[in-house]
Amino acid sequence: MKNLIGIEDISVEEIDELIEKAKDIMKNRDKYSEKCKGKILATLFFEPSTRTRLSFESAMLSLGGNVLGFSSADSSSVQKGETVGDTIKVVGGYSDIIAMRHPKEGAPVVAEKSTTKPIINAGDGGHNHPTQTLTDLATIAIEKGRLDNYTIGLCGDLKFGRTVHSLVTALSRYKNINYIFISPKELTIPDYIKKNVLEKNNIKYTETTDLEGSIDKLDILYMTRVQKERFFSEEEYIKLKDVYILDNEKLIKAKKDLIILHPLPRVNEIAVEVDEDPRACYFKQAEYGRFIRMALILKMLNIK
Ligand code: CP
């Protein structure tokens, strides 16, 4: 793997290796504190981010490396009309590895053609978010002890939620996973995921609008935000934004060993009262993101 553009760029064996490395990093922080001395990570975020950008930067700093970059297209020469290709060509000369987020689907493909430095897709439009998926898989592996044999409910904006698209693509390679897709009819999982990922691999799935009626079946509940920034109409967003709000009452029928995940940021879709429930794993999930990104940086820079 030279670049990480989609989760399909990385094999199941490599995912397992990264998760094991992340666990080792969590236990032995000092061992890794100078592994990237002299290396520079560029974080080029043409779209807003808290977790992904800062966990990448924290990851590189925790490995003894340095970081540079920008957190908005407005503070870069994109504002003057510079193309993604030219920006990457230039920043490739200033850094050893680049993590980029861009609102246009496919922008990381343009980027990988513009530099010899490794490119990591940190989210492209409503398409893919492979390092969030690595974070999600690490969380499931740590909290559940396995990556196969469970029922997962994915709830909310399954149409525009890029984390859902990458996660379903990744999980399709693991055994005996039963998917329940819970969304309003306007925000169902895209046909290309159904055809190219699920049906192609003979994976069974259920689609429903009913969160409460599904919750007792779930081992994992993956909640998502309705992606306001991808809507064409404010009216449509307002109509759909609060369709699902997970609260303590809805969790009464849920399994005792359910884990609740969310890529964050949360808006209204999980009531704050749920944070106290031991099944709520979304803040731990955000923290694991730092360690899996440390493991990823080491792998992509070929550092043991
Ligand atoms: N989960 C995630 O991608 O969060 P940010 O948008 O804050 O990076």
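The values are calculated or read from the model by the stated rules, or taken from the named source; none is laboratory data. Note that this is a predicted model, so its numbers are computed, not measured. Here Cβ is always computed from backbone atoms with ideal geometry, including for glycine, and neighbour counts include all displayed protein chains.
Kindly check whether there is at least one residue in the range 116-136 that is surrounded by fewer than 18 Cβ atoms within 10 Å (Cβ to Cβ) and among the β-branched types (Val, Ile, Thr). Checked the range 116-136: at least one residue is surrounded by fewer than 18 Cβ atoms within 10 Å (Cβ to Cβ) and among the β-branched types (Val, Ile, Thr). Of all residues in the range 66-78, those that are assigned by TED's automatic domain parsing to the domain that holds Pro48 and within 13 Å of Arg53 (Cβ to Cβ) have Cβ atoms under 9 Å from Cβ atoms of residues that are assigned to a helix (DSSP H, G or I) and acidic (Asp, Glu), 6 or more apart or on another chain, in Val67/Glu57; Gly69/Glu57. Only residues that are more than 19 Å from the chain's Cα centre (by Cα) and touching a residue at least 40 places away in the same chain (Cβ under 8 Å) were counted in the range 184-203, giving 2. Within the range 145-173, can you find the residues that are farther than 16 Å from Leu264 by Cβ and not hydrophobic (A, V, I, L, M, F, W, C)? Correct list: Gly145, Arg146, Asp148, Asn149, Tyr150, Thr151, Gly153, Lys159, His165, Thr169, Ser172, Arg173.
Scanning the range 266-304 for residues that are modelled with pLDDT under 95 and within 16 Å of the ligand (Cβ to nearest atom) returns a single hit, Val267. Inside the range 243-265, can you point out the residues that are within 16 Å of the ligand (Cβ to nearest atom) and assigned to a strand (DSSP E or B)? Ile260, Leu261 - these are the residues of the range 243-265 that are within 16 Å of the ligand (Cβ to nearest atom) and assigned to a strand (DSSP E or B).
If you filter the range 68-103 down to residues that are modelled with pLDDT of 95 or more and closer than 19 Å to Gln132 by Cβ, you find that the one that is surrounded by the most Cβ atoms within 10 Å (Cβ to Cβ) is Ala99. So, in the range 265-299, how many residues would count as being surrounded by fewer than 19 Cβ atoms within 10 Å (Cβ to Cβ) and of a type in the set (A, V, I, L, M)? Total satisfying the criteria: 3. Annotation for the range 281-293: no member residue is assigned to a loop (DSSP other than H, G, I, E, B), in contact with a Lys or Arg (Cβ under 7 Å, 6 or more places away or on another chain) and among the aliphatic types (A, V, I, L, M). The numbered conditions (1) of a type outside the set (A, V, I, L, M, F, W, C); (2) modelled with pLDDT of 95 or more; (3) within 16 Å of the ligand (Cβ to nearest atom); (4) under 24 Å from Lys284 (Cα atoms) are all true for Glu143 except (3). When we screen Gly85, Gly93, Gly106 for residues that are of a type in the set (Gly, Ala, Ser) and on the phi > 0 side of the Ramachandran plot, the only hit is Gly106. Under the condition of being among the basic types (Lys, Arg) and surrounded by 15 or more Cβ atoms within 10 Å (Cβ to Cβ), the residues counted in the range 227-264 number 4.
A Cβ distance below 8 Å, combined with a sequence gap of six or more or placement on separate chains, defines the contacts here; from the range 270-294, residues that are assigned by TED's automatic domain parsing to the domain that holds Ala138 reach residues that are part of a loop (DSSP other than H, G, I, E, B) and of a type in the set (Gly, Ala, Ser) in the pairs Arg279/Ala254. Screening Thr115, Thr135 for residues that are within 16 Å of the ligand (Cβ to nearest atom) and hydroxyl-bearing (Ser, Thr, Tyr) leaves exactly one candidate, Thr135. The numbered conditions (1) exposed (fewer than 15 other Cβ atoms within 10 Å of the Cβ); (2) within 16 Å of the ligand (Cβ to nearest atom) are all true for Gly64 except (2). Please go through the range 17-45 and pick out each residue that is within 16 Å of the ligand (Cβ to nearest atom) and closer than 20 Å to Leu264 by Cβ. Passing the criteria: Thr43, Phe45.
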